[in-house]
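The values are calculated or read from the model by the stated rules, or taken from the named source; none is laboratory data. Just so it is clear, the structure is predicted and the values come from calculations on it, not from any experiment. To get the accessible areas, we keep the full protein, side chains included, count just its heavy atoms, and leave off ligands, DNA and RNA. Shrake-Rupley method; radii C 1.70, N 1.55, O 1.52, S 1.80 Å.
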Amino acid sequence: MLVAFSVSPLGAGESVSGAVADAVRVVRESGLPNSTDAMFTTIEGEWDEVMDVVRRATEAVGRHGNRVSLVLKADIRPGHTGELSGKVERLEAALGRPDDESADPRG
């Protein structure tokens, strides 16, 4: 499964980079495949291990204030691994073949 999430403290001031860094540190130390961009961190693994990392990352951010905002989006596709890069590779391939109707529309 893939889980994209964004977590930040509320009421902690204008900059939340320190809190977000603590969350990303938890993700990276988990050893699970992950990717961070300007808005979300995506992590890949089994349900229990991914949700444990999200919980611990949220707790890390919670130490920066008394309220936390968490946004989650999950792609639950049993039996599939390597989707963190696989989905992007299929998209890039489809962009290179705009007339190819056999491209998987599910991503």
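Looking only at segment 85-92, decide whether some residue is at pLDDT 95 or above, of a type outside the set (Asp, Glu) and either open to solvent by 70 Å² or more (accessible area, probe 1.4 Å) or assigned to a helix (DSSP H, G or I) (or both). The answer is no, given that none of the residues of segment 85-92 is at pLDDT 95 or above, of a type outside the set (Asp, Glu) and either open to solvent by 70 Å² or more (accessible area, probe 1.4 Å) or assigned to a helix (DSSP H, G or I) (or both). Among the residues of segment 1-45, write down those that are among the small types (Gly, Ala, Ser) and assigned to a loop (DSSP other than H, G, I, E, B). Correct list: Gly11, Ala12, Gly13, Ser15, Ser30, Gly31, Ala38, Gly45. Exactly one residue out of Val61, Val71 is open to solvent by less than 60 Å² (accessible area, probe 1.4 Å) and under 14 Å from Ser6 (Cα atoms), and it is Val61.
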